[in-house]
1. What is the helix-to-structure angle for 16-31, meaning the angle in degrees between its Cα long axis and the longest Cα principal axis of the chain, kept from 0 to 90 and rounded to the nearest 10?
2. Report the FRET efficiency, 1/(1 + (r/R0)^6), for SER19 and ARG103, where r is their Cβ-Cβ distance and R0 is 22 Å, rounded to 0.05.
3. How many nm is it between the label spots at PHE60 and ASP37, if each spot is 7 Å from the Cα in line with the beta carbon?
4. Compute the FRET efficiency between LYS113 and THR10 as 1/(1 + (r/R0)^6), taking r as their Cβ-Cβ distance and R0 = 35 Å, and round to the nearest 0.05.
5. All other residues with a Cβ under 10 Å from the Cβ of THR83 taken together, and with Lys, Arg as +1 and Asp, Glu as -1, what is their net charge?
6. To the nearest 10 square angstrom, how much accessible area does ASP14 have with a 1.4 angstrom probe?
7. As I understand it, the value is the acute angle between the Cα axis of helix 39-57 and the longest principal axis of the Cα atoms of the chain; what does it come to in degrees, rounded to 10?
8. Calculate the spin-label point distance for ASP3 paired with ARG74, positioning each point 7 Å from the Cα along the beta-carbon direction, and give it in nanometres.
Amino acid sequence: MADHQEATVTLPSDPVSVSAARRYVARILAEWGLDEDGDTADTVRLIVSELATNAVQHTFGQSPTFTVDLRLDRDVELFLGVTDSHPRWPQRLPAAVRQDNGRGMVIIRALAKEHGGRFAVSPTPDGGKTVSVALPWPVPAQN
């Protein structure tokens, strides 16, 4: 396997794109050697679902598309980022609000931490943001 692999897809900010993003990520990770039925695959699918859902629901029509980026570095770390062009960054909601919705970022942060990963939000040059998670890659390099 190469030291560095990348894959990107840009989708319309539409609810049907959430499942398209999840399928795309699952296919790419399978190509990179991740067991589709493993714990890490489930975690990544949930993370991409939450990030894509946020990109669709919380950009209020101001981001016509969102982009999913995957990067695998040296068979050590998987980077998953979702970028949209809306300037508002994710907000932590009060517990009372989270009873009905708003748990996505809490779930993403908890999954990243549980799997020894990192969560980040970074600005894009066009005024949007990338919400990302980096996770240890569980597939050993083949020599």
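1. Helix 16-31 sits roughly 20 degrees off the main axis of the chain.
2. Once the sixth-power term is evaluated, E becomes 0.70.
3. According to this spin-label approximation, the distance is 4.6 nm.
4. Taking R0 as 35 Å, the efficiency between LYS113 and THR10 is 0.75.
5. Values: positive: LYS129; negative: ASP69, ASP84, ASP126.
Local net charge: -2.
6. Roll a 1.4 Å probe over it and ASP14 shows about 60 Å².
7. 30
8. In this crude label model, ARG74 to ASP3 measures out at 0.8 nm.
The values are calculated or read from the model by the stated rules, or taken from the named source; none is laboratory data. It should be emphasised that the depicted structure is a prediction, and the values quoted were computed from it without experimental measurement. Ideal geometry is used to build each Cβ from the backbone, glycine not excepted, and the neighbour counts take in all protein chains shown. Heads up: the accessible areas ignore ligands, DNA and RNA and are worked out on the full protein's heavy atoms, side chains in. Shrake-Rupley method; radii C 1.70, N 1.55, O 1.52, S 1.80 Å.
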